[in-house]
1. Hey, among Glu389, Glu393, Glu423, which residue is of a type outside the set (S, T, N, Q), open to solvent by 10 Å² or more (accessible area, probe 1.4 Å) and without any contact (Cβ under 8 Å) to a residue 60 or more places away in the chain?
2. Tell me which of these Ala180 doesn't satisfy, since it passes every other one: (1) surrounded by fewer than 19 Cβ atoms within 10 Å (Cβ to Cβ); (2) closer than 30 Å to Ile41 by Cβ; (3) not charged (D, E, K, R).
3. From the set of residues in the stretch 103-120 that are closer than 15 Å to Leu228 by Cβ and open to solvent by 50 Å² or more (accessible area, probe 1.4 Å), which is nearest to the chain's Cα centre (by Cα)?
4. Among the residues of the stretch 121-139, are any at pLDDT 95 or above, outside any loop (DSSP other than H, G, I, E, B) and under 37 Å from the mean Cα position of the chain (by Cα)?
5. Give the number of residues within the stretch 434-452 that are part of a helix (DSSP H, G or I) and either touching a His at 6+ places or on another chain (Cβ under 7 Å) or open to solvent by 10 Å² or more (accessible area, probe 1.4 Å) (or both).
6. Take the residues of the stretch 213-254 that are surrounded by fewer than 18 Cβ atoms within 10 Å (Cβ to Cβ) and hydroxyl-bearing (Ser, Thr, Tyr): which is farthest from the chain's Cα centre (by Cα)?
7. Looking at this structure, is Arg154 of a type outside the set (Asp, Glu) and modelled with pLDDT under 95?
Amino acid sequence: MVPAPPRVRFAPSPTGYLHVGGARTALFNWLYARRHGGAFILRIEDTDAERSSDEMVTGILDGLKWLGLDWDEGPGVDGPHAPYFQSQRYDRHRAAAATLMASGHAYHCYCSADRLRQERERAEARGDAWQYDRTCLNLTAEEVARLEASGASRAVRFKVPFGVTAFDDAVHGPIEFDGANIEDFVILRSDGHPVYHLSVVVDDVDMGITHVIRGDDHISNTPKHVLLFRALEAALPRFAHVPLILGADKKRLSKRHGATSVTEYERAGYLPGALVNFLALLGWSPGDDRELMTRQALIESFTLEGISGGNAVFDTAKLDWMNGQYIGRLPIEVLADLALPLLVRDGLWPEDRPASEWLLRLVELLRPRAKRMTDFADQARPFLVDVVEYDDEAVAKHLVDPRLGEHLVELVAVLRELTSFDEAHVETAVRGTAEAHGIKAGALIHAIRVAMTGRTTSPGIFDVLVLLGQERALSRLEALIAFLRARS
């Protein structure tokens, strides 16, 4: 019998933007669904009304769209199990709580917050770990009637059975929890709001989720979820808990490590394909030494068994390298279209002017040195401004020879006589001038670079001269000569 296609879900909480840890979890779910012809469901767990916002929902959706992780059911798509916002499913959660009450798997708890706090503090004073003592489970019918008549507020607690709760994790293997260490947890608050544990299980049951792929930080929640699945007489999904993402200091990735939201990486100049490739390899391996993998290759190779049990380290240098590789493989027209808005944003290119053949040549010239798309705006600036500003470092390092101005005057004369201003003729002219003046060609080349770009580094200087063209190149050399004369 052919197994049914898997149904997986990504269920973010809109209390913040989509961060890279959540994006990696979404990616693993998406890859598994696409590999096996299944469904990828997006469900928004917005039960924290105070911290959730529409803005954050939009940010999550935009982040997933930018990464190319399309969902088969969820916001904007709908599907047979709508609604896909957890806050719109409270009636289903409350009905499930009533079912658990009726079957004897849950009971009302009338304990006040003050009583529970006092019990916890007393236990801590004794050095004991505190658990709920099942006071309300042992109430007599008369005591319950008296509390009900008085209008006492009540929550609903799940009655944790004795014994071991076990499940087979696709990443970590068999995992067991002793029921003695799990207290009777609240599933419905006294104000009628369902607790996360109940909501997530009821929604997974209703939506037919077959595989729950989520972060390692949920392992401790899983025994409670297993107990709820069984109490609701629902099929248990396959759990796969993926490793956490750590910073270079081996601590959990956070704001202090730099950008963590997907939108920040977009603004920082990373390509979605590169970030997807990078995130896929954080805690998962295709089983060989491949590093650059297309989206289709990731889909064809992805398995839960390939996920590592150890935490993954987010290496920004590796991401920069990978992004540079993706930049290097883009068709030049596509790359120019991506760079153009950045140039317009920085006032370097008219908004209503399409990319020219000259701009394509510029982008191609800058491509080998670009790690992020934002590098194009920075590196293109000297080519797109009328007046070059000289960096102090460049001046101090490469404009110290008192006779440099004389050498440049001679070079201008030689370059002006060229009837073919191509790389070969320009290089011959520069090296010939250096030899004639008894100086190293490098010294003259460095000074030319400062004249053309104002900087200590650039693409090959002969390529730069030819791209700028004879007239602009000579003008910039003359500007540097004037600068040197004014300084002396």
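1. After ruling out the rest, the residue left standing is Glu423.
2. Here Ala180 meets the rest and fails (2).
3. Restricting attention to the stretch 103-120, the residues satisfying the condition of being closer than 15 Å to Leu228 by Cβ are 103-107.
Within this subset, residues satisfying the condition of being open to solvent by 50 Å² or more (accessible area, probe 1.4 Å) are 103, 105.
Details: Ser103: 43, His105: 40 Å.
Result: His105.
4. Within the stretch 121-139, none of the residues are at pLDDT 95 or above, outside any loop (DSSP other than H, G, I, E, B) and under 37 Å from the mean Cα position of the chain (by Cα).
5. The number of residues fulfilling the criteria is 11.
6. That would be Ser220.
7. Working: of a type outside the set (Asp, Glu): yes; modelled with pLDDT under 95: no.
No: the conditions fail for Arg154.
To keep it simple, each residue is scored yes or no on (1) under 28 Å from Asp184 (Cβ atoms); (2) touching a residue at least 12 places away in the same chain (Cβ under 8 Å); (3) outside any strand (DSSP E or B); (4) acidic (Asp, Glu).
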residue	(1), (2), (3), (4)
Gly208	no, yes, yes, no
Arg214	yes, yes, no, no
Ile219	yes, yes, yes, no
Lys224	yes, yes, yes, no
Phe229	yes, yes, yes, no
Glu233	yes, no, yes, yes
Leu236	yes, yes, yes, no
His241	yes, yes, no, no
Lys250	no, yes, yes, no
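The values are calculated or read from the model by the stated rules, or taken from the named source; none is laboratory data. Values in this document were obtained by computation on a predicted structure and should not be read as measured data. Ideal geometry is used to build each Cβ from the backbone, glycine not excepted, and the neighbour counts take in all protein chains shown. All accessible areas refer to the heavy atoms of the entire protein, side chains included, with ligands and DNA or RNA removed. Shrake-Rupley method; radii C 1.70, N 1.55, O 1.52, S 1.80 Å.
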